[in-house]
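Peer 1: Can you keep this structure in mind? I'll have questions shortly.
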């Protein structure tokens, strides 16, 4: 991979990004962010530059887009896209399967995770996440085995001074709810739950599950709305821009605030990946920020 640094340089070079992020969220409240899945059609540079022109400051990175960028450019250039546009990366999707569920591919998944964490560390990330998304058949005993898998993933992330997070997916056959995620993260070190509004509100979880959260336990949030269609028609593609659907967004935001969540609300959508990133971010701000303001969480 072009532009790879020594481990010492890798850890020192993103300090300015990390310091800006730490100072910002120490002030409390929530800020709007954009996930690169939302504008993936524009690529790594195109998505980030378009969002910056629309006033976005916090971004979530997609490992596939970073990989594509590095095929023809350097890691230093990838960092400059962030810094030159005043952007702070707050999280990254590692894109690694077979991390959580019992699988003969667990060891290989950890090796891939290590490479992903190293790359994201060079970009200044302190948090990374892996989604569940399993499709096999599992037993209760498999969840006991999974505790070791979760712990090992956290240990890999810790090698790069990063926090590992689990994103539960609504239709996964292994870890698809907040309660199951909490059961596993609480039994393992350096792994915390993140909350995706869409997976939480359209899956098997219940609003009351938020009451189970400990203060500060949620490490990151994906922010979407739910369209007014029969629930049977909901898919991963039908996520809506916050403020355009029927989900109880303000209620969930206020509960998260009560649970001491202070950080980014990262808008992750899939319907608009080919749209102009600037227009996508502008429309998202116009719709989502009033919801955040109504909930009393917008910083």
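Peer 1: Could you tell me whether region 200-207 includes any residue that is in a helix (DSSP H, G or I), modelled with pLDDT under 95 and out of contact with any helix residue (DSSP H, G or I) (no Cβ under 7 Å at 6 or more places or on another chain)?
Peer 2: Within region 200-207 (the criterion being in a helix (DSSP H, G or I), modelled with pLDDT under 95 and out of contact with any helix residue (DSSP H, G or I) (no Cβ under 7 Å at 6 or more places or on another chain)), the answer is no, since none of the residues qualifies.
Peer 1: Working carefully through the options 240, 262, find the one that is over 27 Å from residue 46 (Cβ atoms) and crowded, with 17+ Cβ neighbours inside 10 Å.
Peer 2: Exactly one of 240, 262 is over 27 Å from residue 46 (Cβ atoms) and crowded, with 17+ Cβ neighbours inside 10 Å, namely 262.
Peer 1: With respect to residue 156, determine if the residue is touching a residue at least 24 places away in the same chain (Cβ under 8 Å) and in a helix (DSSP H, G or I).
Peer 2: yes
Rundown of residues vs (1) at pLDDT below 95; (2) within 24 Å of residue 196 (Cα to Cα); (3) crowded, with 20+ Cβ neighbours inside 10 Å, yes/no style:
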site	(1), (2), (3)
101	no, yes, yes
106	no, no, no
131	no, yes, yes
137	no, yes, no
145	yes, no, no
163	no, yes, no
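Peer 1: For region 84-128, name all the residues that are within 23 Å of residue 183 (Cβ to Cβ), part of a helix (DSSP H, G or I) and touching a helix residue (DSSP H, G or I) at 6+ places or on another chain (Cβ under 7 Å).
Peer 2: Hits for region 84-128 are 106, 110, 113.
Peer 1: Out of curiosity, is residue 225 surrounded by fewer than 20 Cβ atoms within 10 Å (Cβ to Cβ) and either at pLDDT 95 or above or more than 26 Å from residue 108 (Cβ to Cβ) (or both)?
Peer 2: So residue 225 does not fit the description; no.
Peer 1: Please go through (1) without any contact (Cβ under 8 Å) to a residue 24 or more places away in the chain; (2) crowded, with 18+ Cβ neighbours inside 10 Å; (3) in a helix (DSSP H, G or I) for residue 81 and return the number of the only condition it doesn't satisfy.
Peer 2: If we test residue 81 against (1) without any contact (Cβ under 8 Å) to a residue 24 or more places away in the chain; (2) crowded, with 18+ Cβ neighbours inside 10 Å; (3) in a helix (DSSP H, G or I), just (1) comes out false.
Peer 1: So is residue 232 in contact (Cβ under 8 Å) with a residue 12 or more places away in the chain and either part of a helix (DSSP H, G or I) or surrounded by fewer than 19 Cβ atoms within 10 Å (Cβ to Cβ) (or both) or not?
Peer 2: No, not satisfied.
Peer 1: What number of residues within region 201-227 are over 13 Å from the mean Cα position of the chain (by Cα), in contact (Cβ under 8 Å) with a residue 40 or more places away in the chain and closer than 20 Å to residue 269 by Cα?
Peer 2: Residues that pass the stated criteria total 1.
Peer 1: Out of 98, 103, 135, I need the residue that is out of contact with any strand residue (DSSP E or B) (no Cβ under 7 Å at 6 or more places or on another chain) and at positive phi. Which one?
Peer 2: The conditions single out 98.
The values are calculated or read from the model by the stated rules, or taken from the named source; none is laboratory data. Please read these numbers as outputs of a predicted model, since none were measured by experiment. Cβ sites come from the backbone with ideal geometry, for glycine too, and all protein chains shown count toward neighbours.
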